[in-house]
1. Is region 291-300 home to any residue that is in contact with a helix residue (DSSP H, G or I) (Cβ under 7 Å, 6 or more places away or on another chain), outside the structural domain of residue 134 (by TED's automatic domain parsing), under 23 Å from residue 209 (Cα atoms) and touching a residue at least 60 places away in the same chain (Cβ under 8 Å)?
2. With respect to residue 278, determine if the residue is farther than 20 Å from residue 217 by Cα and in contact (Cβ under 8 Å) with a residue 24 or more places away in the chain.
3. Go through the residues of region 97-105 one by one and say whether even a single one is touching a strand residue (DSSP E or B) at 6+ places or on another chain (Cβ under 6 Å), without any contact (Cβ under 8 Å) to a residue 24 or more places away in the chain and on the phi < 0 side of the Ramachandran plot.
4. Being buried (at least 21 other Cβ atoms within 10 Å of the Cβ) and either part of a helix (DSSP H, G or I) or not assigned by TED's automatic domain parsing to the domain that holds residue 241 (or both), is that true of even one residue in region 303-323?
5. What's the total number of residues in region 144-173 that are in contact with a strand residue (DSSP E or B) (Cβ under 9 Å, 6 or more places away or on another chain) and under 20 Å from residue 243 (Cβ atoms)?
6. Name every residue in region 221-245 that is under 16 Å from the mean Cα position of the chain (by Cα) and within 17 Å of residue 294 (Cβ to Cβ), in order of residue number.
7. Which of the residues spanning region 152-195 are assigned to a helix (DSSP H, G or I) and farther than 27 Å from residue 48 by Cα?
């Protein structure tokens with residue numbers, strides 16, 4: 001079925017494929033952010049209203065202060081699995097939200113991938129019965145909000161607040177890749193949500209403990225061909241890496257930012273681009289060949305460097321410069 005057809009009655013088709021109440025796994029991408037958690041929560045609560053038993057699962061780790069606060073305050077029961085779901089859960093239908101197994105950032109945690117709800121581009125359509133992939137939407141939360149609207153239902157306050165946070169975070173407070181779908185959901189939800197908690201949690205996401213990371217990024221920064229590159233050679237929070245990648249894009253002379261964490265349990269990469277000729281997703285995929293994996297949007301992408309990969313700062317810098325140059329040569 002085409003993406004357009006899914007959009008016309010996405011949730012109704014999903015229900016028909018599920019075929020009646022049962023246990024359903026909803027899985028975020030491997031390192032969930034606010035939009036992924038909100039999308040899983042929003043879809044899960046809608047399925048619960050229809051009689052389903054829902055489990056929210058993810059791989060990886062959560063190192064975001066504000067996301068942990070969101071999960072705790074809003075009662076989002078998102079649980080980690082290291083590889084695959086255990087016991088009978090491994091046989092349950094799995095719906096991946098805000099991720100795509102074809103993009104290597106969400107390997108299914110059960111043996112039955114039923115569907116994918118996503119807004120990321122630069123990946124193949126996954127092989128599963130249901131797909132709702134809208135690359136024009138600024139957030140996956142807006143896609144889930146459309147399911148509630150399709151059913152003629154308004155979520156309860158905690159769900160509305162989560163979806164609002166997902167929309168605001170992924171669109172950088174409505175300044176990045178905003179679609180009509182995002183704005184429609186925001187209009188319906190804003191005054192139904194706890195928008196004060198939303199603003200407080202998202203705008204105070206850094207900690208005093210993050211100050212050494214900020215200093216390190218400045219000290220290790222390099223700029224060449226309108227590209228800002230820096231490494232954080234310490235274990236850093238997810239917020240620091242993402243926020244700094246966004247921050248340095250505010251300089252007029254900078255078109256692409258690349259921030260890399262080279263220490264810690266996971267080694268994250270954040271890439272941002274405001275040059276339409278240069279896709280952040282393709283940069284991170286090209287630069288991390290044989291070193292890790294990555295993906296995302298043309299304007300915002302992320303990746304992971306394998307823990308066993310041998311890396312050095314100069315080599316990483318050249319990899320990303322070459323990837324950006326390749327983008328410009330092949331628009």
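The values are calculated or read from the model by the stated rules, or taken from the named source; none is laboratory data. Bear in mind that the values here come from a model prediction, so they are computed numbers and not experimental data. Note that we place each Cβ from the backbone using ideal geometry, even for glycine, and neighbour counts take in every protein chain shown.
1. Keep residues of region 291-300 that are in contact with a helix residue (DSSP H, G or I) (Cβ under 7 Å, 6 or more places away or on another chain), which gives 294-300.
Restricting the remaining residues to those that are outside the structural domain of residue 134 (by TED's automatic domain parsing) gives 294-300.
Going one step further and asking which of them are under 23 Å from residue 209 (Cα atoms), we end up with none.
No, because not a single residue in region 291-300 is in contact with a helix residue (DSSP H, G or I) (Cβ under 7 Å, 6 or more places away or on another chain), outside the structural domain of residue 134 (by TED's automatic domain parsing), under 23 Å from residue 209 (Cα atoms) and touching a residue at least 60 places away in the same chain (Cβ under 8 Å).
2. Details: farther than 20 Å from residue 217 by Cα: yes; in contact (Cβ under 8 Å) with a residue 24 or more places away in the chain: yes.
Yes: the conditions hold for residue 278.
3. No, that holds for no residue.
4. Yes, the conditions are met somewhere in region 303-323.
5. 2
6. Of the residues in region 221-245, the ones under 16 Å from the mean Cα position of the chain (by Cα) are 237-243, 245.
Once the filter is applied, which keeps residues that are under 16 Å from the mean Cα position of the chain (by Cα) and within 17 Å of residue 294 (Cβ to Cβ), region 221-245 yields 238, 241, 242, 245.
7. Within region 152-195, the first condition is being assigned to a helix (DSSP H, G or I), and the residues that meet it are 157-170, 180-192, 195.
Matches in region 152-195: 180 only.
Here's the yes/no breakdown for (1) under 18 Å from the mean Cα position of the chain (by Cα); (2) touching a residue at least 60 places away in the same chain (Cβ under 8 Å):
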residue: 143; (1), (2): yes, yes
residue: 150; (1), (2): no, yes
residue: 163; (1), (2): yes, yes
residue: 170; (1), (2): yes, yes
residue: 186; (1), (2): no, no
residue: 189; (1), (2): no, no
residue: 206; (1), (2): no, yes
residue: 218; (1), (2): no, no
